[in-house]
Amino acid sequence: MEFRKILVGTDFSEPAARALAVAAGLAARLDARLVVLSVVDTRGLDGAAMVPELAGHVDLGALVASLELAAGRRVEQWLAEAKLPPEVRAIAVARRGVPAETIVQAARELEADLIVLGTMGRSGLSRLLFGSVADKVVRTSPVPVLTVGPKHSGATAPAGSVAASESAAARSSGPAAAPPPGAPPQS
Ligand SMILES: Nc1ncnc2c1ncn2[C@@H]1O[C@H](COP(=O)(O)OP(=O)(O)OP(=O)(O)O)[C@@H](O)[C@H]1O
Ligand SMILES: [Mg+2]
């Protein structure tokens, strides 16, 4: 299997930054390109669309479009701040939708060979091993998913410190997949 294009999902969190660092290290070694994607979560807007007081006052379509535009600029900035090695080619992409579904769909459309995510994101509830976005992407992606856990400290750490996994096998392989002591069983 060749990894020519690597999709990195970001919610601009610390775990996503670690995922980017790992993906950049891989990209440099494999001469792969990075596509860094932020999905604007549009689920809350279904509710807003049903509020009669908003009708005629708020153009939800325009709102989402500007959120998406802003997300794209934010990814650009986030990428610039990450100061990846110059040989790593990375582009910023923003999309709208349900995050996990949109990540998987983007991987298909952009023909990514690998998806890299943090095991957690902005909510980062420490009792949870996997955030819901990471969980759903691992379960539904047609391409392998590499998840970078909270103990990973940097791009140059030994390869064994990240949990690499092929799609649905993610939660049962690698160090990041081991449940913490006292964690409830994962469904
Ligand atoms: N909106 C998004 N767009 C792109 N990538 C995302 C998005 N949200 C999360 N991710 C990716 O998924 C990883 C895991 O985030 P996830 O949202 O699953 O965890 P969480 O925020 O801790 O939990 P939850 O969202 O379920 O409360 C992040 O590190 C990031 O790589
Ligand atoms: Mg989240």
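Just so you know, all these numbers are worked out from the coordinates, no wet-lab data involved. Everything numeric in this text was worked out from a predicted model, so none of it was measured. As a convention, Cβ positions derive from the backbone with ideal geometry for all residues, glycine included, and neighbour counts pool all protein chains shown.
Fewest Cβ neighbours within 10 Å first, please rank M120, M50 accordingly. Working shown, then result.
Values: M120 25, M50 9.
Lowest to highest Cβ neighbour count: M50, M120.
Straight-line reach from K83: taking Cα to Cα under 27 Å and skipping same-chain neighbours fewer than 8 places apart, the lysines in range are K5, K151. Near the amide H of V98, within less than 5 Å, lie the amide hydrogens of T42, all on another chain or at least 5 residues away, with H placed in the peptide plane. Residues F3, F130, F12, ranked from the fewest to the most other C-beta atoms within 10 Å, line up as F12, F3, F130. Given contacts defined as C-alpha pairs under 8 Å and at least six residues apart, what's the relative contact order of segment 36-144, whole-number percent? 31 percent. Extending each Cα 7 Å along its Cβ direction at A55 and A17, get the distance between those two points in nm, one decimal. Using points 7 Å along Cα→Cβ, the separation is 4.5 nm. Take the Cα of S153, step 7 Å toward its Cβ, do the same at R4, and the gap between the two points is 3.7 nm.
Across segment 134-150, coupling constants 3J(HN,Hα) worked out from phi with the 6.51/-1.76/1.60 Karplus curve, θ = phi - 60°, read 4, 4, 6, 5, 4, 6, 10, 6, x, 10, x, 10, 9, 10, 10, x, x Hz, and Gly and Pro carry x.
Expressed in Å, the radius of gyration and Dmax of the Cα atoms of segment 80-143 are 13.3, 38.
Loop-resident GluC sites (Glu not before Pro) (DSSP state other than H, G, I, E or B) in segment 1-110 with no more than 14 further Cβ atoms inside 10 Å of their Cβ: E2, E87.
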